[in-house]
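Report on the following structure.
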Amino acid sequence: MPDLVTITIDDVEYKVPNGALLTDAARQAAGIDIPVFCSHPKLDPLGACRMCLVEQDMRGRWGIVTACTVRVAEGMKFRYASPLAVQAREETLEFILTNHPLDCPICDKGGECPLQDQTLKHGPGHSEFRELKTHKEKRHPISDLILLDQERCIICWRCIRYLEEWEDKPQLGLYQRGNDTVVDHFPGQPVDAKTSGNIIDICPVGALTNRVSRFRYRPWEIERTASICTHCSQGCNIRMDTRIHELRRIVARPNQAVNDDWICDKGRFMHAFADAPDRLTTPLIRDHKGGELRPASWNEALGLVAQRLAFSADIHGSQSVGALGSARLSNEAAYLLQKLMRTLVGSNNIDHRGGAAVLADPRGLNAIREVEQADVIVLAGADPSEEQPVLDLFIRRAVRRNKAKLLIIHPRRIEDARYPGVYVACKPGEEVPTFNQLSHEMLRKEAVRDRSAKLSGFAELEAALRNTDAVSPDINAAAALLAGAARPLILYGPAVVSGRNAEANRAALLNVALLAGCADRIWYLAPEVNSVGVRDMGLLPAALPNHAPISDIAARERLEKLWGAKMPAKAGLDMDAMLKAAVAGELRALYLVGSDPAALGPQGEAALRAADFVVVQDLFLTASAQLADVVLPAVSWAEADATYTNVERRVQRAPQALNNPRSQAAPDWLILSELGKVWAAFTAEDATESKKSKRKSGEAKSWQYTNAQAVLDEIARAVPAYDKLTWDALGDEGRQWEAARSAAVQPARRLSAVAAPPAAADRAAWPYVLVTSSQLFDEGTLLQRNAVAAQVSASPAVGISPDDAAREHLTDGVTVMVASVNGSLILPLRIDAAVQPGTLAVARSLAGAPVETLTNSFSDGAGTRVSLSAQKGS
Amino acid sequence: MTLLTDATRTQIRDLMARYPQPRSALGPALEAAQQQLGYIPEQAMDEVAMLFGLDAAEVRAFVGFYHMLHEHAPGTYHVEVCTNVPCMLRGAGLCAEQLKQTLGVDYHQTTADGLFTLDEMECLGSCGTAPMVAVTKRQANWMRYYEQLDSPQRIGAMLDELRSLADLPPEQLPVPERCVPGEQPSGGPYHHGHHADTDTLLARIDLPDSHTLAVYEANGGYAVARAALADQAPAAVLDTVKAAGLRGRGGAGFPAGMKWSFLPAGSYPRYLVVNCDESEPGTFKDRLIVEYDPHLLIEGIILACHAIESEHAFIYIRGEYFFAAQRLQQAIDEARAKGYLGKGIFGTGKTLEITVHRGAGAYICGEETALLSSLEGYRGHPRLKPPFPAVEGLYRKPTIVNNVETISQVVAIVRNGAAWYRQWGSEKSPGFALYALSGQVKRPGVYQLPYNTTLRQLIYEYGGGTIDDMPIKSIIPGGLSMPHLGVDKLDTPMDFESIAAAGSSLGSCGIMVVCEGVNIVQLARRTMGFYREESCGKCTPCREGGTWIEKILERIEAGEGQVQDLDLIERLTWPIERQSFCPFGAASVWGVRSLLKLFRGDFEAYIAQTNPAGEGPVLPVRPIYRPDTGEPAPNLRV
């Protein structure tokens, strides 16, 4: 209960929280909306614009004060409606408007502009200004994404303060002074903060405009849909503004638990794919291998898919059919895809990229904003600045406001390594020795020994670490930092728990967490929008919905009863195995939903070419779709009702905001349920003809869904953790599922001795370790469609440390070949101080350079060794 | 290729080490870069940003705020002519015209030989020796005031001297002491005087080498501090100052002892910041102390720091006080060498460091919170109060900000006691002050007088009356920011209460005398021009309102005024005064409003004469309401 004090506004007494800003107190207690410009609830008080003036009683004398800077205390008296207070606010507005261009008719902000609104409510009604207005630059780009109109700017500093206080990137400043003051960036250094677009949202005038959406909407003409962003696992809340079947603009929608008031620039600006002209609009069929894809009806296409998949399962066994989904699929789509595979095809060959290969903790984070309560934040194999920029804002906030320190364990010196704390360079594949060294050093601290001696496994761990080699000063510092932390928090990314070392890595990291006393605050940072959700839905070869292992008979029976169909008891193939099996001729038919293995290099392409029958369900004619026999046109997240589960297992709605009347494309859930109906009808027919059919026959009625909400209703029955999460219950801010309700097995809370995996052989031939890095603006399918993406994303290159470049006598920009046993890429070299010696870094999802060409598998991050050679003629 | 040499980089790193937080050295570092390069190109800003670990945008924002930091290269000599009111009243207009004609350039232009760049400048603290110019030699670490430029001969002599110095290496340039061209001797303290009983602050300044420690000590210097540190507890010194009722000399007149007692108990470190930004037009008293008796200030600082238990004092001196800063630094070095500063001063366990911090040209930095922003390496924007600096000031530590004269007064007060001090002045304004007299009087200068001295006494007894015995039209009693008083107020005693009762404020004790014959419209326009030029731009009323009033006054002066404009100006002054972020807003309009009140007839007559038809301004039609998507090329300008 906050400490309440009594204040008086216009002779009425109110109880308000002690120390609150008067603007907040007046709004909450008295319902008085004191007008502001520079003041913003998420920025520190400034008091510059003088819009919020009220009178305050100062020992009997009434004086004008700014309500946005006064913190209330017992007995304070204010006048808001007094003639002088009203006049003062009118006068401030009169001043603000003197040099404002008043080009409202063509201003993007028009209709949702605080300056217009305040002028209406608090303006003087006339102006005596008869002088020439001060002229400044009207179209001044501060980045490829944002344009600044310096004439409209009223110097409230919100943009500057946002970049300073939240981004910690003071890339905008006030230049000159007095009436010449302008907001500007440094010449040649445009604003490149990853969440820069938020300054457009908080600009109280039309000074900052969105270059993607500029002049494309009038605020009163658009339809607004509360939705979420699907570019990463944060699931930031957004509002989609649409008009005449086009997505005109995306703005941030506040959700304090998830994204505060902010979204990142990828979420805001990179949505052109939804309206892209090359979207698939009709099903396509290739009548014979080598032929062309031709448009077809849904009936024909779905009939063909059902027939061919059933045929393959019939003739070659159900294990000859596999499905690859994606962590970008909605819960509904993932659920129906696995249901279709398990009940109709009868195969557990179900996976997605980053699925079975990742030993993910399905709980994700306990709560995103817990990072702000930690005093030491460990980032292991995660690069939030590129991967989850909004989470990164909270981490920066923790660092700058709460003096939190960062312990970064990463192959690259990531951007957050600029903060106080310790950076430990850790090559892919060397996680176990690194974590072990850290444990070893921590065990030398009295306090750590005291608190962990009682843990089971203590003696074994101590014995196993006895022979640890001398450690680097970084490890030493890291151990000291972690041992001294009062409330540490560990976040680890998928890179740490992917591939063959996943178990060992996780166990070694858990030792660190136990010794640091934060075994209950070690969280897995899932990467993609629905990484958590598709696992909950069982889009995995060896796990059912709700994470029960496929071997769990009771769980199987429960689902079989719900679905009215049998399912196979044997675990299926994971993604790598499926693609290998396809090349080997064992997997004959592949159903790809939002999955594009052909884009991941020659291996993926070979698998699709080898398969008898490939179905691709996607937005675009992807590399895989170009090899498919049937292409089913799906719709984007903007065009269908769906739910997604974010990194803190918050299930959130993304309702339909858009439809394209000229397209036959359909939502994934609808395609899948229609396919299920066709299949069920088809096999029922078939069964009457041939009693010997071994196929399980599905019932068409179990595929009757009237809408996505109906699918979600079934999910609530199939996945106990989701049992209360109906569409209505989720509301606009979503709900977390309770961690305790999941059948997932949690890692044991015990210390364990973890042996380091053997070092890779033949270091001479392959002297470097490959690092696959993330960058926010990549050139994946969805980003390619944005005109601005090409400007903001870095072109493909291979990063090398300055030391290695010098040793190899290579200069920045030369063309090099990076090769591994799996393949090679030819790329320009980029000397990058963030890259550590002995490693080469290639970013994922850059056009023309699928890093997966080099890696041992599509998801194993553990240290592919590569060689580097300069290309002739460069 | 980097622009900054290793020497400059080393210099910058040394500067950073001088401050508790390195960012404070940003201004000095940019000055160092400018000394090397002659100006600060964008690349240099970027390089400085790298050295400080700042974003280049922060550095450019800083450069853009301060007038002495140049983004474009000036000529060999940057000749800045003060045209502010005190100089204007003494013929700055003629001086400027003469310079323009002789050099063949206008403001913001450079002569064809690249030797001279001419600019208009705001008050430089030479009001008693007006008109004047400040000359900065590029890349020579040399800046000099040329004063009393009241004849073409003197201007010619100055330019001749500058030409003769153009090719000299920096070390052979003359000492940059103030100079009256063609006169022998050309420098030395400018005119000053005192009441017979109150010669404490200016007693030594006429002695040869008055600025040296030897002369200071030979005349009783440092005895007070030595004794106080040995015998008196900090609280005792503080009590003495409090009992004396010493009022701050920066302008607000806040009692210094009371301010010191606001420091939160037990909170350290504490800082003393001495405000030597003396930029209020018509104020030039601190300069005299710092140039000719810097050890008096140092002794005052030692006493004040003893009283407030501070071990680090900063002297924020306006960048244009180049010679004064040199003298001050020399004096500090001397005192340090003798063990009067540093560790174990006077053989006691006390420590005291004094850091001289040069400003870079911004009037607003005289406001204490803006000064602290500037001293921390930011644009000089005022900060919210509370917290007051005494609680949360420099680097968010308890900080006392006092004016040079205030601190200098402490020496005599501690030596002679509170009762001694209180025998002069009034109950609420006890003691004496330095009055800076300028404008149209025969003997402008600095006078140390008791607080109850009347304006008439100052002007006629000490100042010798007006030039050519012209009748007085108005008096500004406290620096340009304060309202004008009519001639009927001549017998007002110059203490805070009496001047306030007369309708103005004593401010910084800068008294300017305006005689009949001065164009009041021009005076008002030039006054407003100063505040428009120096507004920091943080808050709306000051930024927009000041500009608006200046535009109206410019229009009136140009002959397009209407009588109703006068009502409008008057109306606009109220919200600017009432609603601005800091006291600057009020200060910016008091002068103009008082002129309107006192001399409305003059304004009306001017309008009637220059715009007999009474026509209003003709405004161009703008804007064009068409969405112009013709954005610049996607590549950002470089």
Qualifying positions in the range B:507-545 - among the β-branched types (Val, Ile, Thr), in a helix (DSSP H, G or I) and away from chain A (no Cβ under 12 Å):
B:520, B:521, B:527
Residue A:109: more than 9 Å from chain B (Cβ to nearest Cβ), of a type outside the set (A, V, I, L, M), within 17 Å of residue A:38 (Cα to Cα) and assigned to a loop (DSSP other than H, G, I, E, B), yes or no?
yes
For the range B:145-154: of the residues being crowded, with 24+ Cβ neighbours inside 10 Å and in contact with a Ser or Thr (Cβ under 8 Å, 6 or more places away or on another chain), which is nearest to residue B:535 (Cα to Cα)?
B:145
Residue B:81 vs. criteria crowded, with 21+ Cβ neighbours inside 10 Å, β-branched (Val, Ile, Thr) and closer than 30 Å to residue B:272 by Cβ
no
Scan A:565, A:526, A:542, A:554 and give me the residue that is among the hydrophobic types (A, V, I, L, M, F, W, C) and surrounded by 20 or more Cβ atoms within 10 Å (Cβ to Cβ).
A:526
When residues of the range A:7-24 are limited to those that are under 35 Å from the mean Cα position of the chain (by Cα) and within 30 Å of residue A:100 (Cβ to Cβ), the one nearest to the other protein chains (Cβ to nearest Cβ)
A:21
Test: residue in the range B:223-231 that is part of a loop (DSSP other than H, G, I, E, B), surrounded by 14 or more Cβ atoms within 10 Å (Cβ to Cβ) and touching a residue at least 24 places away in the same chain (Cβ under 8 Å)
no
Filtering the range B:176-205 for residues that are touching a residue at least 60 places away in the same chain (Cβ under 8 Å) and over 30 Å from residue B:413 (Cα atoms) leaves a count of 3
If we take the range A:295-410, then helices (runs of 4 or more DSSP H) inside it with 3 or more residues that are among the charged types (D, E, K, R) and surrounded by fewer than 22 Cβ atoms within 10 Å (Cβ to Cβ) are A:298-316, A:389-402
Of everything in the range B:162-181, what is more than 27 Å from the chain's Cα centre (by Cα) and either closer than 24 Å to residue B:210 by Cα or part of a helix (DSSP H, G or I) (or both)? Give them in sequence order.
B:163, B:164, B:165, B:171, B:172
For residue A:124, all conditions in the list (1) more than 21 Å from residue A:208 (Cβ to Cβ); (2) within 9 Å of another protein chain (Cβ to nearest Cβ) hold save one; what is the number of the exception?
(2)
Being of a type in the set (Gly, Ala, Ser), away from chain A (no Cβ under 13 Å), within 21 Å of residue B:85 (Cα to Cα) and part of a helix (DSSP H, G or I) is the requirement here; does residue B:587 meet it?
yes
Pick out, from the range B:288-407, the strands (runs of 3 or more DSSP E) lying fully within it that include 1 or more residues that are among the small types (Gly, Ala, Ser).
B:312-317
Identify the residue in the range B:546-582 that is touching a residue at least 60 places away in the same chain (Cβ under 8 Å) and in contact with an Asp or Glu (Cβ under 9 Å, 6 or more places away or on another chain) and, among all such residues, is nearest to the other protein chains (Cβ to nearest Cβ).
B:555
Pick from the range A:1-31 the residues that are touching a Ser or Thr at 6+ places or on another chain (Cβ under 9 Å) and touching a residue at least 40 places away in the same chain (Cβ under 8 Å): which of them is surrounded by the most Cβ atoms within 10 Å (Cβ to Cβ)?
A:22
Could you run through the range A:719-757 and say how many residues are closer than 26 Å to residue A:557 by Cα and either at pLDDT 90 or above or within 22 Å of the chain's Cα centre (by Cα) (or both)?
11
If you scan the range B:488-513, which residues turn out to be aliphatic (A, V, I, L, M) and surrounded by fewer than 24 Cβ atoms within 10 Å (Cβ to Cβ)?
B:490, B:500, B:501, B:502
Can you tell me which residue is farthest from the chain's Cα centre (by Cα) among those in the range A:463-490 that are assigned to a loop (DSSP other than H, G, I, E, B) and hydrophobic (A, V, I, L, M, F, W, C)?
A:470
Answer with yes or no whether residue A:155 is surrounded by 21 or more Cβ atoms within 10 Å (Cβ to Cβ), touching a Gly at 6+ places or on another chain (Cβ under 8 Å), within 19 Å of residue B:62 (Cα to Cα) and more than 7 Å from chain B (Cβ to nearest Cβ).
no
Subset of the range A:479-510 [farther than 15 Å from residue A:424 by Cα, modelled with pLDDT of 95 or more and hydroxyl-bearing (Ser, Thr, Tyr)]
none
Enumeration of residues in the range B:34-62 that are closer than 16 Å to residue B:8 by Cβ, in contact (Cβ under 8 Å) with a residue 24 or more places away in the chain and facing chain A (nearest Cβ under 9 Å):
B:59
Output the residues belonging to the range B:421-458 that are part of a helix (DSSP H, G or I) and in contact (Cβ under 8 Å) with a residue 12 or more places away in the chain.
B:421, B:422, B:455, B:456, B:458
The helices (runs of 4 or more DSSP H) lying entirely within the range A:491-589 that contain at least 1 residues which are more than 27 Å from the chain's Cα centre (by Cα) and within 26 Å of residue A:308 (Cβ to Cβ) are A:553-563, A:575-583
Of the residues in the range A:37-93, those that are free of Cβ contacts under 8 Å to residues at least 12 places away in the same chain and either within 11 Å of another protein chain (Cβ to nearest Cβ) or part of a loop (DSSP other than H, G, I, E, B) (or both) come to A:59, A:60, A:63, A:87
Hey, can you tell me all the residues within the range A:118-157 that are assigned to a helix (DSSP H, G or I), out of contact with any helix residue (DSSP H, G or I) (no Cβ under 8 Å at 6 or more places or on another chain) and in contact (Cβ under 8 Å) with a residue 24 or more places away in the chain?
A:121
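The values are calculated or read from the model by the stated rules, or taken from the named source; none is laboratory data. As the structure is a computational prediction, the values presented were derived from the model and not from experiment. Don't worry about glycine lacking a Cβ; one is built from the backbone with ideal geometry, like all the others, and counts go over all protein chains shown.
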